[in-house]
Amino acid sequence: MDFAYSEKVEALRARLLAFMDEHIYPNEPVYHAQQAAMTDRWQPVPIVEELKAKARAAGLWNLFLPHSDRGAGLTNLEYAPLAEIMGRVHWASEVFNCSAPDTGNMETIERYGTEEQKRQWLEPLLAGEIRSCFAMTEPDVASSDATNIQTRIMRDGDHYVINGRKWFSSGAGDPRCKIFIVMGKTDPDNPDRYRQQSMILVPRDTPGLTIKRMLPIFGFDDAPHGHAEVIFENVRVPASNILLGEGRGFEIAQGRLGPGRIHHCMRAIGMAERALEKMCRRALERKPFGKPLADQGVMRERIAQSRIMIDQARLLVLHAAWRMDTVGNKVARREIAEIKVAVPAMACQVVDWAIQAHGGGGVTDDFGLAQMYKYARTLRIVDGPDEVHRDQLARLEINKYRPPRNTPA
């Protein structure tokens, strides 16, 4: 494959880099000051809303959504370097209407929704008028095995009734969140464990849907986005809200999570690049024991290793994106699993070394590294923990060497 960016992508990269230089980096202090001054942290931060209008006017809006004329028309491979740039600042993706879980939810509705579902929910999401939530993980079961999910979605005439408990439902804390995509079981007795689940659209204001609490992660509440524990008690929605049909939940999940992992991983690479920059600048500024950190062998070793690890991770993700574009998400499951393990581990290590270079300041909020580490460490769990992906990779590798059936060993 050719890793060179096309003229179209290079042009978008140039415009996006210029926007970051002009509007995002200079407003990082503004963002933090505004958020600190807000009496209600669960309201939109004004500078983000202000910059959204500028991004849209600059034609840097809805850059994701591969194979669709509703977005920029970019493939996963073309979008990947743009996601990396946006990942350098944790709130930047929202400015371009390219943040999770909205990107995954929009892709889900675009790929699997009816025309009416698209009109009602996709169009306002694409316009940035509303936000959304994805509710899959549950506290009472081992959700790393999604067949364990216990939330029930039961047909009752022209409606479905939903009962269950979810958590780490990202985006639920935002007052602009108007729609949930919920995964639950419609046919728990189906002998095919992968046909028991379905996904359904649940408007935020439906009676019986309750936000029990917002979950901090390493002390960060991620307001106004947030991660919620949600209770569904006899939540009744029209039968027309089902996505694709009963028993298609796993099919949808695979279609949704593949591109999402590319986005997460490329944002993490952008974040790691920023951490490496901070490490290098700190190494030049600080002079313990009479000479700069940059002259210390251990620091040079860590900087060199960080450069190697970031570049390796980027190439791995670009290869996975290319495979998804050329052979599809299902066939590219090995490459997707590889990046989901490799990139968060790389980001954790690079950010950890950057924290060490900053000493005590590294674990405060002053340099943004604590926020970075929180994201990198959490990424080793979200969208499937490392262990699940490693197990899948091992099985795929071992199967290459199994003798064909009915063949003597």
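All of the numbers you see were taken from the coordinates with simple rules; none came from a lab. Note that the coordinates shown come from a computational prediction; the quantities given were computed from them, not determined experimentally. Please note: Cβ atoms are built from the backbone with ideal geometry, for glycine as well, and neighbour counts cover all protein chains shown.
What does the charge count around residue 89 come to, taking other residues whose C-beta lies under 9 Å from its C-beta (Lys +1, Arg +1, Asp -1, Glu -1)? It would help to have the intermediate numbers written out before the result.
Numbers: positive: 88, 274; negative: 28.
Cβ neighbours under 9 Å give a net charge of +1.
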>> Take the residue pairs 185/374; 166/374; 291/374; 166/340; 8/52 and return only those whose Cα atoms are more than 28 Å apart.
In response: 185/374; 291/374
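Grab the beta carbon distance between residue 331 and residue 75, set R0 = 22 Å, and tell me the FRET efficiency rounded to 0.05.
Values: r = 16 Å, r/R0 = 0.71.
In this case the efficiency is close to 0.90.
If we count other beta carbons within 10 Å of each Cβ, what is the order of 90, 263, 358, 159, fewest first?
Numbers: 90 23, 263 27, 358 19, 159 15.
With the fewest neighbours first, 90, 263, 358, 159 line up as 159, 358, 90, 263.
Can you tell me the order of 178-184, 395-401 when each peptide is scored by its average per-residue count of other Cβ atoms within 10 angstrom, highest first? Write out the running numbers ahead of the final one.
On the way: 178-184: 25.6, 395-401: 8.6.
The densest-packed peptide leads the list: 178-184, 395-401.
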> Say each of residue 68 and residue 364 gets a label point 7 Å from the Cα, pointing the same way as Cα to Cβ; how far apart are those two points in nm?
Replying inline: 4.3
>> From the phi angles alone, apply the Karplus equation (6.51, -1.76, 1.60; θ = phi - 60°) to the stretch 77-84 and give each ³J(HN,Hα) in whole Hz, x where the residue is Gly or Pro.
In response: 5, 6, 6, 3, x, 6, 4, 4
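Computed over the Cα atoms of the stretch 250-399, what is the ratio Rg over Rh, Rh following Kirkwood?
Numbers: Rg = 17.3 Å, Rh = 16.3 Å.
A ratio of 1.06.
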> Using the Kirkwood radius built from alpha carbon pairs, what does the Stokes-Einstein equation give as D for the stretch 211-253 at 20 °C and 1.002 mPa s, in µm² per second?
Replying inline: 161
> Going by average Cβ neighbours within 10 Å, how do the peptides 276-284, 126-134 rank, with the highest at the top?
Replying inline: 126-134, 276-284
> chymotrypsin sites (Phe, Trp or Tyr not before Pro) within the stretch 1-59: which are DSSP loop residues with at most 11 other Cβ atoms inside 10 Å?
Replying inline: 3
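Over all pairs of distinct alpha carbons, what does the Kirkwood formula give as the hydrodynamic radius of the chain, in Å?
Values: mean 1/r = 0.0446 Å⁻¹.
So the Kirkwood estimate lands at 22.4 Å.
Classify the stretch 131-243 as rounded, prolate or oblate from the Cα gyration tensor: take a ≥ b ≥ c as the square roots of its eigenvalues, call it rounded if a/c is under 1.5, otherwise prolate when a/b beats b/c and oblate if not.
Values: a/c = 2.30, a/b = 1.37, b/c = 1.68.
Verdict is oblate for the stretch 131-243.
Assuming 0.36 nm per residue, please report the length gained on full extension of the stretch residue 397 to residue 37 beyond their Cα-Cα distance. Before the final figure, lay out the partial values.
Numbers: separation 360, 0.36 × 360 = 129.60 nm, distance 5.30 nm.
Full extension of this stretch gives 124.3 nm more.
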> By the scheme Lys and Arg +1, Asp and Glu -1, what is the net charge of all other residues having a beta-carbon under 14 Å from that of residue 26?
Replying inline: -2
